[in-house]
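The values are calculated or read from the model by the stated rules, or taken from the named source; none is laboratory data. These figures come from a predicted structure and were not determined experimentally. Here the Cβ positions follow ideal geometry from the backbone for every residue, glycine too, while neighbour counts run over all protein chains shown. Quick note on the areas: whole protein, heavy atoms, side chains included, nothing else; ligands and nucleic acids left out. Shrake-Rupley method; radii C 1.70, N 1.55, O 1.52, S 1.80 Å.
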Amino acid sequence: MNPHSEYLYKLFTSKLFAMACLSAALGLAACQPEGQAEKAGQKVDKAVENAGQKIEQSSEKAGQKIEAAKESVVQKAEQAGASIDKAAESSNDALEKAGKQIDQAINNSEKRIDAAKEAVVDSTKATGEYFDDSVITAKVKTALLNDDFLKLVPIDVTTVNGVVTLRGTVDSEQLVGKALGLVSSQEHVKSVQNELLVKTSVPSKQ
């Protein structure tokens, strides 16, 4: 039974008790002589007064219980609200922390991807340069072997970044000039470094 229902129940029973006392007193007074009737009236008044006091006490106690119940409900509501606020704050902190960790992970991943791309580009570039130099060297040697005047001449060929260097010993300045012209005409050759020697002579520079 909740406090409000308990209060109404006690109020009803108190009034019923007072009415019973009043009815009994009036009946008794009607059967008694005048002196006794006066005494009976006094008893009735006292009974009514006592009943009123009991009703007031019951009402006061019921009111106190209702107020106590209200305060308890308010306190529990405040405690629940505080718990909800704390839980919400903790959830927000956790979400914010998780968001920062995700952002950091994405940033690190992007950096690793960029670094990997740069490494691949550098590797490809270096491989391409090495491959190009090798191809140039092969083409130059093939051209020298296909020439009727230079195919028997021992000429060493090296290529670095498209720059071809010729080393060896030839019989004449004419063969030096022919070798330089032939190598310069090859595809992807940027320039030719001449380190060829003419027999019984100093190095020829052209």
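Considering segment 158-185, the residues that are over 60 Å from the mean Cα position of the chain (by Cα) and in a strand (DSSP E or B) include one that is surrounded by the most Cβ atoms within 10 Å (Cβ to Cβ), namely 170. Within segment 142-166, being at pLDDT 95 or above and among the basic types (Lys, Arg) holds for no residue.
Check segment 190-205 and report whether any residue there is farther than 27 Å from residue 132 by Cβ, touching a residue at least 12 places away in the same chain (Cβ under 8 Å), hydrophobic (A, V, I, L, M, F, W, C) and open to solvent by less than 80 Å² (accessible area, probe 1.4 Å). The answer is yes; a qualifying residue exists. Residue count for segment 150-183 under the criterion of being basic (Lys, Arg) and over 11 Å from residue 195 (Cβ atoms): the result is 2. When 60, 71, 129, 49 are screened for being surrounded by 10 or more Cβ atoms within 10 Å (Cβ to Cβ) and modelled with pLDDT of 80 or more, only 71 passes.
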